[in-house]
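The block underneath contains the structure these notes are about, expressed in structure tokens.
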Amino acid sequence: MINVGIMGATGYAGEQLAWILNNHSKVNIKFLNSHNYADMNYDEIYKNYYGFLDEVCVSTEEAFNRLNLIHVLFIALPHGKSFEITKKALELGVKVIDLGADFRLDSEDVYKNWYGIKHEYSSALKDSVYGLCELNRECIKKTNILANPGCYPTASILALAPLLKHKLIDSKNIIIDAKSGVSGAGRAAKIDSLFAECNESIKAYGIGSHRHTPEIEQELSKVFGEDIMISFTPHLVPMNRGILATCYSNLIDNLSTEELMNIYREFYKDEYFVKIVNESPETRWVRGSNLCHIGIKVDERTNRVIVVSAIDNLVKGAAGQAVQNMNIMFDLKETTGLEFLSMGL
């Protein structure tokens, strides 16, 4: 059995992680940490666990004291909050899976430029592996520190990787137009996330400055073999969860939709969680699952390809992918604890 602890267990991603791990046949949850709800029973905070997960949430100080009880630490905290406990965990031989942004970028300078703070554990960046399972599986198997990808990057990179791997598109003309449900903003009280503020409305935000931009560029550049830049614009839509990323680029040669579909099917033929679909993906068909649905369409009039990718931002975009990474790191069947489909409605 794998003993685990969760930092930030009462945020949206942390709660989803607790739900998956509580149902995982190979996992024992040794502690649940919460800054705001320390000393409260978990099933008092999330009553769907009533009678099933009644463990008392521990403070950050107590979480440090319990690191010697676990094999892997999941960190679901805002950026800048993972440095100290990651260092302590690694010193104790505990593997770390960070769902935040602190170890996703290879450069501490890029991190400071986009996140506005100094990286306090930059020596770990060289050992950190970017945990997009479908692209980095072999490296994930060997690492002790795993940077779980962001939700927008997961949808976007999976959508574009086959095109860039085969150099089928103009790498200087990539546009990603992505939409996210409100849970992507986290559980903290924010005016922009209030129901009355976001219901019956849709808006773009972080235009030209969203922090997931360098993450997407970094990983797509590795796939392509050269540095690339993208135009990325996220949008907030009035639904609880889900991401839909619509990606545009110009094809270098004349290829049909069916030809590209076959390329995508071959690229992801061994991937349980990536499905190439005939119709345009919808978030409702992946909601609550660890699946990514991808649809491809060639606009023959402009010779432009449009790739649409749908995921659940809290599962494949956060907690589900974190567990998928854990399974790989501990040599378990990759789908263990994740073989559940969307309820659809």
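The values are calculated or read from the model by the stated rules, or taken from the named source; none is laboratory data. Being a predicted model, the structure only gives us computed values, none of them experimental. Using ideal geometry, Cβ is built from the backbone for each residue, glycine included, and neighbour counts are taken over all protein chains shown.
Where strands (runs of 3 or more DSSP E) fall wholly inside the stretch 273-343, the ranges with 3 or more residues that are touching a residue at least 60 places away in the same chain (Cβ under 8 Å) and not polar (S, T, N, Q) are 304-311. Does Ile294 satisfy being among the aliphatic types (A, V, I, L, M), under 22 Å from Phe232 (Cβ atoms) and out of contact with any helix residue (DSSP H, G or I) (no Cβ under 7 Å at 6 or more places or on another chain)? Here the answer is no, as Ile294 does not meet what is asked. The residues of the stretch 258-272 that are out of contact with any Ser or Thr (no Cβ under 9 Å at 6 or more places or on another chain) and not in a helix (DSSP H, G or I), listed by number, are Tyr268, Lys269, Asp270, Glu271.
Here's the yes/no breakdown for (1) in contact with an Asp or Glu (Cβ under 6 Å, 6 or more places away or on another chain); (2) over 30 Å from Ile85 (Cα atoms):
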{"position": "Lys142", "(1), (2)": "no, no"}
{"position": "Cys151", "(1), (2)": "no, no"}
{"position": "Ile157", "(1), (2)": "yes, no"}
{"position": "Ala161", "(1), (2)": "no, yes"}
{"position": "Leu168", "(1), (2)": "no, yes"}
{"position": "Ala185", "(1), (2)": "no, no"}
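Taking the criterion of being exposed (fewer than 15 other Cβ atoms within 10 Å of the Cβ) and either under 15 Å from the mean Cα position of the chain (by Cα) or polar (S, T, N, Q) (or both), the only residue of the stretch 319-345 that qualifies is Thr335.
Does any residue of the stretch 259-267 turn out to be more than 17 Å from the chain's Cα centre (by Cα), of a type outside the set (Lys, Arg), assigned by TED's automatic domain parsing to the domain that holds Ile157 and within 23 Å of Ala101 (Cβ to Cβ)?
Here is the first cut: in the stretch 259-267, the ones more than 17 Å from the chain's Cα centre (by Cα) are 259-267.
Of the ones still in play, those that are also of a type outside the set (Lys, Arg) are 259-264, 266-267.
From what is left, the residues that are assigned by TED's automatic domain parsing to the domain that holds Ile157 are 259-264, 266-267.
From what's left, within 23 Å of Ala101 (Cβ to Cβ): none.
Looking for residues that are more than 17 Å from the chain's Cα centre (by Cα), of a type outside the set (Lys, Arg), assigned by TED's automatic domain parsing to the domain that holds Ile157 and within 23 Å of Ala101 (Cβ to Cβ), one finds none in the stretch 259-267, hence no.
Checking Gly100 against (1) in a loop (DSSP other than H, G, I, E, B); (2) under 18 Å from the mean Cα position of the chain (by Cα); (3) farther than 26 Å from Ala310 by Cβ; (4) of a type outside the set (Ser, Thr, Tyr): exactly one of these is not met. Which one? Status for Gly100: all satisfied but (3).
In the condition set (1) among the polar types (S, T, N, Q); (2) over 23 Å from Leu314 (Cβ atoms); (3) free of Cβ contacts under 8 Å to residues at least 12 places away in the same chain; (4) in contact with a strand residue (DSSP E or B) (Cβ under 7 Å, 6 or more places away or on another chain), Asn144 is compliant with all but (3).
Among the candidates Asn33, Asn48, the residue that is farther than 19 Å from Ala322 by Cα and free of Cβ contacts under 8 Å to residues at least 40 places away in the same chain is uniquely Asn48.
Listed here are the strands (runs of 3 or more DSSP E) enclosed by the stretch 1-88 that have at least 2 residues being surrounded by fewer than 22 Cβ atoms within 10 Å (Cβ to Cβ) and at pLDDT 95 or above: 2-7, 27-32. Within the stretch 3-14, residues that are aromatic (Phe, Trp, Tyr) sit with their Cβ atoms under 7 Å from residues that are at pLDDT 95 or above, at 6+ positions apart or across chains, in these pairs: Tyr12/Leu314. For Gly288, state whether it is under 12 Å from the mean Cα position of the chain (by Cα) and closer than 14 Å to Ala13 by Cα. Against the criterion (under 12 Å from the mean Cα position of the chain (by Cα) and closer than 14 Å to Ala13 by Cα), Gly288 does not qualify.
Just so you know, in the stretch 104-143 the residues that are assigned to a helix (DSSP H, G or I) and among the small types (Gly, Ala, Ser) include one that is surrounded by the fewest Cβ atoms within 10 Å (Cβ to Cβ), and it is Ser123.
Give, as residue ranges, the helices (runs of 4 or more DSSP H) completely inside the stretch 144-253 that count at least 3 residues that are touching a helix residue (DSSP H, G or I) at 6+ places or on another chain (Cβ under 7 Å), within 28 Å of Ala124 (Cβ to Cβ) and at pLDDT 95 or above.
Numbers: elements: 151-165, 195-198, 213-224.
Where helices (runs of 4 or more DSSP H) fall fully within the stretch 144-253 and carry at least 3 residues being touching a helix residue (DSSP H, G or I) at 6+ places or on another chain (Cβ under 7 Å), within 28 Å of Ala124 (Cβ to Cβ) and at pLDDT 95 or above, they are 151-165, 213-224.
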